[in-house]
Amino acid sequence: MIASEQVRILLVEDDEVDVMAVKRAFRKLNIDNPLTVACDGIEALQILRGEDEGTSLSRPLIIILDWNMPRMNGAEFLQALRSDAELRNIVVFVMTTSNDERDRLAAYERNVSGYIVKSNDESEFTDIIAMLQEFWCRVQLP
């Protein structure tokens, strides 16, 4: 994959410990994809729409989305994302602590590519990130 085609990752996560876990997994797996972090759905939309000073994300792009966040949760974010003609086809994976069937169904109703329940086990968490990397390295993204 040439550098201009490198997949950018937007992590939408309000928990700093989880952000650090993702960064640690990236380092452990030698993932050098650009990683941008937004603390909630509002900030993520500002970044995606180019309204955030100094942050611009070009495509290809994948979003890793926490479900339970303040200000704008995952469901609200996905509703806004899917309603925006410029953003609606971005690939989104939900990565959350919620194992609630209602949350899972709500996410898939908003066309997520996967719903992943976070693991506290570092090895399992690293395996999840490795699986996501395998996905973005193998598929043709919009």
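The values are calculated or read from the model by the stated rules, or taken from the named source; none is laboratory data. Model, not experiment: these values are computed from the prediction. Glycine also receives a Cβ, built like all others from the backbone with ideal geometry; neighbour counts cover every protein chain displayed.
To keep it simple, each residue is scored yes or no on (1) out of contact with any helix residue (DSSP H, G or I) (no Cβ under 6 Å at 6 or more places or on another chain); (2) exposed (fewer than 12 other Cβ atoms within 10 Å of the Cβ); (3) of a type in the set (Ser, Thr, Tyr); (4) not in a strand (DSSP E or B).
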residue: Asn99; (1), (2), (3), (4): yes, yes, no, yes
residue: Thr126; (1), (2), (3), (4): no, no, yes, yes
residue: Ile129; (1), (2), (3), (4): no, no, no, yes
residue: Gln133; (1), (2), (3), (4): yes, no, no, yes
residue: Gln140; (1), (2), (3), (4): yes, yes, no, yes
Discussion item. Pull out all pairs, ordered by first then second residue, where Cβ-Cβ is under 9 Å, the residues are six or more apart or on different chains, the first lies in the stretch 78-105 and is among the small types (Gly, Ala, Ser) and at pLDDT below 95, and the second is surrounded by fewer than 16 Cβ atoms within 10 Å (Cβ to Cβ) and not in a loop (DSSP other than H, G, I, E, B).
Written reply: Ser98/Val117
Discussion item. Give all pairs with beta carbons closer than 6 Å in which a residue from the stretch 108-121 that is over 7 Å from Val94 (Cβ atoms) meets a residue that is among the aliphatic types (A, V, I, L, M); count only pairs at least 6 apart in sequence or on separate chains.
Written reply: Arg110/Leu78; Ser113/Val91; Lys118/Met95
Practice prompt. Could you list, in sequence order, all residues of the stretch 25-47 that are within 21 Å of Tyr115 (Cα to Cα) and out of contact with any Lys or Arg (no Cβ under 8 Å at 6 or more places or on another chain)?
Written response: Ala25, Phe26, Val37, Ala38, Cys39, Ala44, Leu45
Worksheet item: Any residue at all in the stretch 75-95 that is in a loop (DSSP other than H, G, I, E, B) and within 19 Å of Asp18 (Cα to Cα)?
Response: no
